[in-house]
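**Q** Have a look at this one.
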Amino acid sequence: MISVIIPVYNAEEYLDQCVRSVCRQTYTELEIILVNDGSTDRSYDICEKFRKQDQRIRVIHNENKGLVSARIDGINASRGEYIAFVDADDWIEPAMYEEMYKTMQQEQVDIVMSGRFEDTGDVSRAVYHGIPKGRYDRQSLVRDVFPKMIVNENFFEWGIFPGLWDKLFRRENLYKYQNKVDRAIRMGEDAACVYPCILNAKSIYIMGKCFYHYRQSTGTMVKQKDAIEVERHRFLVLYETVKQQLETYRDIYDLRSQWTDYVLFLMIPRADGLYRGFESLEYLFPFPQIKKGADIVLYGAGTYGQRLYRYLKESGFCNVIRWVDRNYRQLQEFGLPVENPNVIEQTTFAYIVVAVSFAKPRKELYRELSMKYGNNKVAILDEELVKSRESLMAFGLNKIKF
């Protein structure tokens, strides 16, 4: 039996689609556990409705304790030999668990993982792990996976996605590592479990298919800015607790440097709140050529672009003449003032600032824009600056020792 754990917190808008997608799986030997983490909307009633409709569904109602606690409570209540997770605002393809279970049995591995679809409005984009599909035993894990498990060579390019939800675990491989995750962690929770799990796995299988739909909704697209000290504390808890955990697995493989890169990747879009001294810099971090008062076109409206756009509008550090993104139609539906990149041709500007964290699309955009407008007019993330001692100190990540 597969136990599917769905943590629920104020997810009334999407919960029905999520649960129905799990109930309609072609693999039917499921135990579906809804962990209602103190929701204050209609999630409670929706959970109870499904519990009455499908005898495979169990519901746990808790006070609000956070995602880590909800997952741990779900695992502790589960009875399946295999464990899977779905976030309450996402949904899955009907054959997901049948295909993953079949692969688990045929390949005799501890973890099976698939790609995912990233859904923005009616646009669905297939995204795959950065490590080739196939079976990896212990020897090939150490040789081919661990050296690029978190960061696949470039900053930043995934090796294996940290999400719990695109994976199927043997219970014994997951249980103790999820229970070791600090319940105080409020972001990056998945990585704190997934990477120790894989480090200690005997074998894994990476599928070349996508089954999981990761929704880019209004709530996830428009990132709220927390109080600066609250945000810094959350990152400190994440960074230090997982770093200490990885320290205990150094004899398997030392992932601490990759972990630092991962946390930097999370922090860069939030630099206006996490980089100490950010507002006193003479340039816009991490774009050293962008000085105060520059007329810019901001290219990119994902997590990074949204946060940067809001900061620039609130602070007035730069004059954002245009904000563009290839996915502008869907982003406009979320109420974002994003335009078609074609408007750049009719715009007078000093620089195009590429607000993209991922290496491949960032470098492709740089090449494309440089050919049209000249490389002296295009600013992208400066990797050397990001990973410099000065930046590590400003982000509070300078205490790590190798």
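**Q** Name the pairs: first residue in segment 71-84 and of a type in the set (Phe, Trp, Tyr), second residue part of a helix (DSSP H, G or I), Cβ to Cβ under 8 Å, at least 6 apart or on different chains?
**A** Tyr82/Tyr101; Tyr82/Met104; Tyr82/Arg171
**Q** Also, quick follow-up: Among the residues of segment 378-390, count how many are crowded, with 16+ Cβ neighbours inside 10 Å, without any contact (Cβ under 8 Å) to a residue 60 or more places away in the chain and of a type in the set (D, E, K, R).
**A** Residues that pass the stated criteria total 0.
**Q** Which residue out of Leu168, Leu174, Leu67, Leu164 is in contact (Cβ under 8 Å) with a residue 60 or more places away in the chain, open to solvent by 50 Å² or more (accessible area, probe 1.4 Å) and aliphatic (A, V, I, L, M)?
**A** Exactly one of Leu168, Leu174, Leu67, Leu164 is in contact (Cβ under 8 Å) with a residue 60 or more places away in the chain, open to solvent by 50 Å² or more (accessible area, probe 1.4 Å) and aliphatic (A, V, I, L, M), namely Leu67.
**Q** If you don't mind, another one. Would you please list the contacts, defined by Cβ atoms under 7 Å and residues six or more apart or on different chains, that run from a residue in segment 100-128 that is farther than 18 Å from Gln330 by Cα and among the aromatic types (Phe, Trp, Tyr) to a residue that is modelled with pLDDT under 95 and open to solvent by 20 Å² or more (accessible area, probe 1.4 Å)?
**A** From segment 100-128, no pairs qualify.
**Q** Can you list the strands (runs of 3 or more DSSP E) lying wholly within segment 203-303 that have 3 or more residues being open to solvent by less than 40 Å² (accessible area, probe 1.4 Å)?
**A** Answer list for segment 203-303: 204-215, 295-299.
**Q** Here's something else I'd like to know. Does segment 223-233 hold any residues that are at pLDDT 75 or above and either more than 17 Å from Asp261 (Cα to Cα) or among the acidic types (Asp, Glu) (or both), and which are they?
**A** Ala227, Ile228, Glu229, Val230, Glu231, His233
**Q** Continuing with this model, one more query. Can you run down the residue pairs with Cβ atoms below 7 Å, 6 or more apart or on separate chains, where the first is in segment 319-338 and within 17 Å of Val354 (Cα to Cα) and the partner is open to solvent by 70 Å² or more (accessible area, probe 1.4 Å) and outside any loop (DSSP other than H, G, I, E, B)?
**A** Qualifying pairs under 7 Å: Val320/Lys313; Val338/Gln332.
**Q** Looking at Leu308, Leu312, Leu381 in this structure, which one is modelled with pLDDT of 95 or more, aliphatic (A, V, I, L, M) and in contact with a Cys (Cβ under 7 Å, 6 or more places away or on another chain)?
**A** The unique qualifying residue is Leu312.
**Q** Let me ask you something else. Which ones in segment 25-46 are closer than 13 Å to Ile60 by Cα and among the β-branched types (Val, Ile, Thr)?
**A** Listed by number, the residues that qualify are Ile32, Ile33, Val35, Ile46.
**Q** Looking at (1) farther than 28 Å from Asp89 by Cβ; (2) under 22 Å from the mean Cα position of the chain (by Cα); (3) modelled with pLDDT of 95 or more, find the lone condition where Asn154 falls short.
**A** Unmet condition: (3).
The values are calculated or read from the model by the stated rules, or taken from the named source; none is laboratory data. What you are looking at is a predicted structure, and each value in this text was computed from that prediction instead of being measured. Positions of Cβ are generated from backbone atoms using ideal geometry, with glycine treated the same way; all protein chains shown enter the neighbour counts. Please note that ligands, DNA and RNA were not included when accessible areas were found on the heavy atoms of the full protein model with its side chains. Shrake-Rupley method; radii C 1.70, N 1.55, O 1.52, S 1.80 Å.
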